[in-house]
Structures are given as structure tokens and as C-alpha cells.
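> Have a look at the structure that comes next, please.
None of the figures in this text is laboratory data; all of them are computed from the coordinates on show. On a predicted model such as this, the values are computed, not experimentally measured, just so you know. We place every Cβ from the backbone using ideal geometry, glycine too, and count neighbours over all the protein chains shown.
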Amino acid sequence: MKKLLSLLLPLLLLLSGCGSQPPQVPQLTRVGFSQLGAESDWRVANTASMMESLSEENGYELLYENAKQRQANQLAAVRNFIVQGVDIIVIAPLEETGWDAVLQEAKNADIPVLIVDREVAVEDTELYLTQIGSDFLTEGLQAVHWLEETLKQREEPVNILHIQGTYGATAQLLRTKAIEDAVDAHENWRFAGQLSGDFTESKGYEVVRDFLAEHRDIDVIYSENDNMTFGAMRALDEAGIRYGLDGDVIIVSFDAVHRALEQCMAGKINLCVECNPLHGPRVDELIQQYLAGQAIPKQIFVEEQVFTPDMLTAELIAARAY
Ligand code: AHR
């Protein structure tokens with residue numbers, strides 16, 4: 001009997017949990033992510049990348065809010081994250097201004113803030129940890145440089161229809177700066193029109209359709225994102241205006257999402273300037289660096305490139321994640 005008890009005791013202790021350590025439940029990092037909207041293919045890819053990286057599997061509890069292109073919604077979301085006491089707040093800001101007060105509130109609550117994609121223009125840059133996104137001015141300059149090369153033999157006027165993204169967003173401000181500076185620098189370049197398409201396909205279509213009802217003399221469309229470009233292409237099709245490699249209008253577009261690269265390969269878009277939306281893994285890495293107490297650069301730009309029809313193949317496009 002004694003022998004039997006001595007054999008059974010360890011097993012009974014194990015089953016009753018006595019003498020063993022309580023199971024270790026891994027601590028999740030609570031992240032509040034305020035996304036500005038779902039206005040474009042780019043944005044959808046960006047949200048997917050963030051969600052995939054800030055997953056429970058990767059050690060996060062993600063509180064996600066879509067602001068539907070309204071800054072007031074973003075401010076409310078951030079305040080809600082503060083009330084909930086998250087560990088970190090990530091903001092993809094709609095526009096640059098209007099952030100000082102809410103970022104100060106986050107700082108007062110000791111919650112670090114990471115800015116992703118577009119920038120914020122605040123007096124005190126200590127209000128946020130870091131900003132990671134695209135170098136939107138370089139993107140614009142790449143487009144301008146390509147246009148200069150393409151049009152260098154041309155002496156007649158170049159009429160540019162400029163379709164702009166959401167006013168006040170870094171992607172709009174800096175892509176606009178690049179083309180406005182270029183128009184100032186070239187005697188024969190002029191704007192046929194500057195229209196706001198709010199980075200959406202429907203708005204891009206509407207403003208170009210209405211514009212073409214009055215004016216048809218355009219040589220270039222400089223469109224600040226692919227979705228507005230798709231809308232513009234539809235309006236051009238309806239107006240019977242040919243564009244792309246074999247057409248009368250050169251199309252320059254920003255983002256280089258799958259659909260745009262396919263249109264570029266087909267010769268309908270002359271130049272696609274890449275804007276990389278895959279920030280999820282980079283944000284994850286930055287959060288881990290922050291939690292480990294490592295130094296983090298104040299601004300990080302991602303690498304991007306441009307595409308022309310001759311560079312593209314179906315395999316290359318299929319191999320890209322967005
Ligand atoms: O801020 C990045 C821009 O926002 C992308 O060019 C655009 O497609 C998106 O809506």
C-alpha cells in the first residue's frame with residue numbers, strides 16, 4: 001500500500017496542480033490603431049498589412065477604428081484609446097494639422113504614439129515617438145523627372161490636368177509641391193486644371209467627367225493616386241479621348257497597386273510611381289524596439305520605385321503583395 005501511495009502521489013500532485021507553477025499567460029500589448037479610412041486600394045492593403053502584423057499571434061490585442069475620412073472621428077478614436085488605457089496608439093492621420101491637443105492628452109496619459117503613412121505637423125515633435133511612411137516629395141520628383149525626360153523635345157505648350165488627393169494630407173501636399181514647382185520651372189508647362197478627387201475613384205471620375213464637358217485640351221494627367229486615375233480613365237473613355245502609350249494623353253499615377261500595374265502593362269498608364277502600403281511589419285518591429293528600450297529614429301522612409309509599361313510582366317505583378 002505504501003509503495004502504491006508513493007507511486008501515485010506525484011501523479012495526484014500533478015493533477016491537483018499542487019507544487020506546480022501557474023501556467024504563464026503571455027501578456028498581450030494593447031494597441032489602438034486609428035486608420036483614416038478605406039478610400040483606396042492602397043488603404044485596403046495598408047489596413048490588411050497592419051492587421052496581419054498586429055495580431056494576437058504576434059502578441060498584440062488590436063483595437064481598430066476606421067475614421068471614414070473624417071478627422072473628427074480620428075480624434076474621438078484616439079481619445080477613446082486613451083480612456084481604455086492602451087499601451088500604444090498608432091495613427092494613420094488624414095491630414096497634417098489639428099493633432100497637437102490630442103497628442104498632448106496621450107502624452108499626459110503616458111501613452112506613446114506612433115505615426116504611420118502621412119505626417120502630422122505639430123509644434124512639439126516630442127508628442128510622438130516616430131513617423132514611418134513614404135517620402136512623398138521624392139515620389140513627386142520621380143514623376144516630374146520622368147515627365148521632363150519624356151517631354152524634353154516638346155516646345156509647344158504642355159497642358160497638365162492635375163487631380164489632387166485629400167487637401168492637407170502629406171501625400172497631397174508633397175506630390176502637389178513637386179508638380180507645381182515643375183510647372184513654375186518650365187515655360188511651356190501649364191495647368192489645364194487642378195481638381196480635388198479626395199483619393200477616391202468616384203470623386204476622380206466625377207471631377208474629370210465634369211472637367212471634360214468644358215475642356216478637352218489636355219496632354220498629361222498627373223493623378224495623385226491610382227483610384228482617382230481609374231475614375232479619370234473611365235471619364236476619358238466616355239469622352240472618347242485616347243490615353244496611354246498610343247493615345248493623346250500621358251497618364252502619371254501614384255501608388256502602383258495591382259490594378260494600376262495591369263493597366264500600365266497594357267499601355268494605358270504611362271508611369272506608375274510606387275507608394276508602399278505594407279507598414280504592418282515595420283510598425284511591429286518599431287513597437288518591439290520601443291518595448292525593448294531601444295533608440296528609434298524620428299522619421300523612417302520606405303524604399304519605393306517607378307514602373308513603365310516595358311518593365312512589367314504578369315509574373316512580376318502577381319508576385320507583388322498589393
Ligand atoms: O497616404 C497615402 C495615400 O493615401 C495613397 O497614395 C492613397 O492611395 C491613399 O489613399
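> Could you check the stretch 184-198 and list, in sequence order, the residues that are buried (at least 21 other Cβ atoms within 10 Å of the Cβ) and not in a strand (DSSP E or B)?
Correct list: Gly197, Asp198.
> Name every residue in the stretch 100-138 that is assigned to a helix (DSSP H, G or I), surrounded by fewer than 22 Cβ atoms within 10 Å (Cβ to Cβ) and within 16 Å of the ligand (Cβ to nearest atom), in order of residue number.
Within the stretch 100-138, Leu137, Thr138 meet the criteria.
> Limited to the stretch 216-271, what total is found for residues that are in contact with a helix residue (DSSP H, G or I) (Cβ under 6 Å, 6 or more places away or on another chain), buried (at least 23 other Cβ atoms within 10 Å of the Cβ) and farther than 19 Å from Gly193 by Cα?
Count: 6.
> Every residue in the stretch 167-200 that is under 14 Å from Phe254 (Cα atoms) and either away from the ligand (no atom under 16 Å from the Cβ) or among the hydroxyl-bearing types (Ser, Thr, Tyr) (or both), please.
Of everything in the stretch 167-200, those that are under 14 Å from Phe254 (Cα atoms) and either away from the ligand (no atom under 16 Å from the Cβ) or among the hydroxyl-bearing types (Ser, Thr, Tyr) (or both) turn out to be Thr170, Thr176, Thr200.
> From the residues in the stretch 37-58 that are charged (D, E, K, R) and surrounded by 15 or more Cβ atoms within 10 Å (Cβ to Cβ), which one is nearest to Tyr205 (Cα to Cα)?
Glu39
> Got a number for residues in the stretch 38-79 being touching a Leu at 6+ places or on another chain (Cβ under 6 Å), among the aliphatic types (A, V, I, L, M) and touching a residue at least 40 places away in the same chain (Cβ under 8 Å)?
Counting residues in the stretch 38-79 that are touching a Leu at 6+ places or on another chain (Cβ under 6 Å), among the aliphatic types (A, V, I, L, M) and touching a residue at least 40 places away in the same chain (Cβ under 8 Å) gives 1.
> So which residues in the stretch 78-95 are under 22 Å from the mean Cα position of the chain (by Cα) and of a type in the set (Gly, Ala, Ser), if there are any at all?
Ala92
> I'd like the full set of residues that are more than 12 Å from the ligand (Cβ to nearest atom) and hydrophobic (A, V, I, L, M, F, W, C), limited to the stretch 275-286.
Scanning the stretch 275-286 gives Leu278, Val283, Leu286.
> Of the numbered conditions (1) within 20 Å of Glu139 (Cα to Cα); (2) of a type outside the set (Ser, Thr, Tyr); (3) surrounded by fewer than 21 Cβ atoms within 10 Å (Cβ to Cβ), Glu206 satisfies every one except a single condition; which is it?
The failed condition is (1).
> If you scan the stretch 47-73, which residues turn out to be within 16 Å of the ligand (Cβ to nearest atom) and either aliphatic (A, V, I, L, M) or under 18 Å from Arg30 (Cα atoms) (or both)?
Thr47, Ala48, Ser49, Met50, Asn66, Ala67, listed by residue number.
> Just to be sure I understand, how many residues within the stretch 225-274 are more than 15 Å from the ligand (Cβ to nearest atom) and of a type in the set (A, V, I, L, M, F, W, C)?
So the count comes out to 12.
> Which condition number in (1) in contact with a Gly (Cβ under 8 Å, 6 or more places away or on another chain); (2) free of Cβ contacts under 8 Å to residues at least 60 places away in the same chain; (3) under 27 Å from Glu56 (Cβ atoms) is the one that His279 fails?
So His279 meets the others, but not (2).
Quick grid of which residues meet (1) over 27 Å from Glu119 (Cβ atoms); (2) out of contact with any strand residue (DSSP E or B) (no Cβ under 9 Å at 6 or more places or on another chain); (3) aromatic (Phe, Trp, Tyr):
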site: Ser223; (1), (2), (3): no, no, no
site: Met233; (1), (2), (3): yes, no, no
site: Ala239; (1), (2), (3): yes, yes, no
site: Pro281; (1), (2), (3): no, yes, no
site: Gly293; (1), (2), (3): no, yes, no
site: Ile296; (1), (2), (3): no, no, no
site: Met311; (1), (2), (3): yes, yes, no
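> Another one. What's the total number of residues in the stretch 84-95 that are out of contact with any Asp or Glu (no Cβ under 6 Å at 6 or more places or on another chain) and within 11 Å of the ligand (Cβ to nearest atom)?
3
> Next question. Has the stretch 294-306 got at least one residue that is among the polar types (S, T, N, Q), in a loop (DSSP other than H, G, I, E, B) and without any contact (Cβ under 8 Å) to a residue 24 or more places away in the chain?
Yes - at least one qualifying residue is present in the stretch 294-306.
> Quick check on the stretch 284-300: of everything there that is among the charged types (D, E, K, R) and over 18 Å from Asp135 (Cβ atoms), which residue is surrounded by the fewest Cβ atoms within 10 Å (Cβ to Cβ)?
Glu285
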